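Asks: My questions will all concern the structure given below.
The values are calculated or read from the model by the stated rules, or taken from the named source; none is laboratory data. Owing to the predicted nature of the structure, the values given are computational and were not obtained by experimental measurement. Please note: Cβ atoms are built from the backbone with ideal geometry, for glycine as well, and neighbour counts cover all protein chains shown.
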Amino acid sequence: EEETESGETEAQIETTEDTITTSGVFQVPERIDFSLISKLDRILYDKMEITNLNGTFIVKDEKVVMDNLNMNILDGMLGVNGEYNTQIVEKPTVAMGLDIQQIEIESALNSFSMLETMAPILKSCKGKVSIKFDYTSLLDSDMSPVLNSIDGYGKLQSKKIQVVDSKTLNQLTELLKLGNDFSNEFKDINISFSVKDGRIYVEPFDINMADIKMTVGGSHGIDQTLNYDLDLIVTRKYFGSAANNALYGLLKQAAEKGVNVNVSETIKVKAKVGGTSTDPKITLNYKEDSGGAKESLKEELKEKVKEEVIDEGKEELEAQAKKIIDDAEKEAAKIKKDAREAADKVLEEGNKQADDLVKKASKEGMLAKIAAEKTADELKKEAQKKADKIIIEADVKADDIVAKARVKAENIKKD
């Protein structure tokens, strides 16, 4: 039976999947140096269909570099820049920059197990997302990322996401008594995040749930623990009769003292989300009784009576916090810049030493030159390792400085 050229290619790929299995770390051979400009129409990889793959693979110095690799995958697009490094074969690493555009959430979760661990909320979501993620990581014996070692930052965006049966969201809507007013569609999602030491830190972002405005920020761990703070602006209609009766009582007291206050229809509420993604614990800073509501409403009255007073202390603390982070980022940038200059110098000196060795040996005959070339390769490789080490250590130090500064800044603002 004759097959088309395309049919033969597909059959060979399928046969390879059925007959060849691999395990353990793939070590990139140390004496290979080549570049491969690739263009593939269709690939079947781990039950995923990849089409229109193009880009450059560079194999050199026990590394595989992916340069401007682009493909269509899961009804979206994926761009990859990065490297797979086996210079220390016992501790292989990856350094990746991923640009995922308009990918179906459900398909992504089925294809990338790491995504479910790092973003458990997505299990309850439907829609398309775009994700940019730059990270470094160690790899385990199955060449999967060691989750606790992932260090990176990124952004998740979506025009519209539908949340279905989220335990955290269900508990929050019950506490706020949203009822039929609740909409499970969230639009214009724009979330910045970072990953370090097994936790995903989410920078505060704004979102609307029904007519309730929320600012959400905090972190969750790969162990599924949650630590999030929510600032909500809640319409008074959700508070019930007890809270509203307390409001009217406060208004009456204010009027008796000659204070004319027009209280807004909204109340600010803070919520704390703890527990785990499978068993979330949410607490609000008010209780659904007159006492708890009364305290919230008293605070609102104070704001109305003293609205001309500017909270200079808070502004000063925020300025101090911002300066701490700015200074740390400047210091971190200098550390990284100096490290790269030092690494370039190490490489330059190593390459010069190697070239001089070969040049000198060339005058002593062919055998001497061959021996010198081998030694020169080792010198260059050692210089590269030293340069990489300088950069990695500097990046770790710089990132640590910024992380500590952020913690210090948050503590200052809380004070």
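Asks: What do you reckon, is D188 in contact (Cβ under 8 Å) with a residue 60 or more places away in the chain and surrounded by fewer than 17 Cβ atoms within 10 Å (Cβ to Cβ)?
Replies: Spelling it out, it is not the case that D188 is in contact (Cβ under 8 Å) with a residue 60 or more places away in the chain and surrounded by fewer than 17 Cβ atoms within 10 Å (Cβ to Cβ).
Asks: Given the criteria in a strand (DSSP E or B), touching a Phe, Trp or Tyr at 6+ places or on another chain (Cβ under 8 Å), modelled with pLDDT of 90 or more and among the polar types (S, T, N, Q), does N190 qualify?
Replies: When the stated conditions are applied, N190 passes them.
Asks: With L347, L357 as the choices, which residue is touching a helix residue (DSSP H, G or I) at 6+ places or on another chain (Cβ under 8 Å), closer than 20 Å to Q87 by Cα and surrounded by fewer than 19 Cβ atoms within 10 Å (Cβ to Cβ)? Can you show your working first?
Replies: Values: L357 fails: closer than 20 Å to Q87 by Cα.
Just a single option satisfies the conditions, and that option is L347.
Asks: Would you mind stating whether A405 is without any contact (Cβ under 8 Å) to a residue 40 or more places away in the chain and either closer than 19 Å to A343 by Cβ or under 24 Å from the mean Cα position of the chain (by Cα) (or both)?
Replies: Spelling it out, it is not the case that A405 is without any contact (Cβ under 8 Å) to a residue 40 or more places away in the chain and either closer than 19 Å to A343 by Cβ or under 24 Å from the mean Cα position of the chain (by Cα) (or both).
Asks: Please list, ordered by first then second residue, the pairs with beta carbon atoms under 9 Å, 6 or more apart or interchain, first in region 109-125 and in the same structural domain as D151 (by the TED database) and hydroxyl-bearing (S, T, Y), second modelled with pLDDT of 80 or more and not in a loop (DSSP other than H, G, I, E, B).
Replies: Correct list of pairs: S111/M48; S111/I73; T117/L147; S124/V163; S124/K167; S124/T168; S124/L169.
Asks: So which residues in region 87-137 are of a type in the set (S, T, N, Q), closer than 30 Å to K389 by Cβ and out of contact with any Lys or Arg (no Cβ under 7 Å at 6 or more places or on another chain), if there are any at all?
Replies: Just the residues of region 87-137 that are of a type in the set (S, T, N, Q), to begin with: 87, 93, 101-102, 107, 110-111, 113, 117, 124, 130, 136-137.
Next cut, closer than 30 Å to K389 by Cβ only: 87, 93, 117, 136-137.
Once the filter is applied, which keeps residues that are of a type in the set (S, T, N, Q), closer than 30 Å to K389 by Cβ and out of contact with any Lys or Arg (no Cβ under 7 Å at 6 or more places or on another chain), region 87-137 yields T93, T117, T136, S137.
Asks: If you go through region 364-399 one residue at a time, how many are touching a strand residue (DSSP E or B) at 6+ places or on another chain (Cβ under 9 Å) and surrounded by 14 or more Cβ atoms within 10 Å (Cβ to Cβ)? Write out each step before concluding.
Replies: Restricting attention to region 364-399, the residues satisfying the condition of being touching a strand residue (DSSP E or B) at 6+ places or on another chain (Cβ under 9 Å) are 388, 392, 395-396, 399.
This time we only want the ones that are surrounded by 14 or more Cβ atoms within 10 Å (Cβ to Cβ), so: 388, 392, 395, 399.
The qualifying residues number 4.
Asks: Would you be able to say whether some residue in region 306-320 is over 30 Å from K270 (Cα atoms), part of a helix (DSSP H, G or I) and at pLDDT 80 or above?
Replies: So far as region 306-320 goes, no, none of its residues is over 30 Å from K270 (Cα atoms), part of a helix (DSSP H, G or I) and at pLDDT 80 or above.
Asks: Would you mention how many residues in region 403-415 are surrounded by fewer than 16 Cβ atoms within 10 Å (Cβ to Cβ) and under 29 Å from L138 (Cα atoms)?
Replies: 3
Asks: Which residues, counting only those in region 139-156, are surrounded by fewer than 16 Cβ atoms within 10 Å (Cβ to Cβ) and part of a strand (DSSP E or B)?
Replies: The one that is surrounded by fewer than 16 Cβ atoms within 10 Å (Cβ to Cβ) and part of a strand (DSSP E or B): K155.
Asks: Can you tell me which residue is surrounded by the most Cβ atoms within 10 Å (Cβ to Cβ) among those in region 110-133 that are more than 14 Å from I200 (Cβ to Cβ) and under 16 Å from the mean Cα position of the chain (by Cα)?
Replies: That would be V129.
Asks: Check T235, T215 and return the single one that is out of contact with any Leu (no Cβ under 6 Å at 6 or more places or on another chain), surrounded by 13 or more Cβ atoms within 10 Å (Cβ to Cβ) and at pLDDT 80 or above.
Replies: T215
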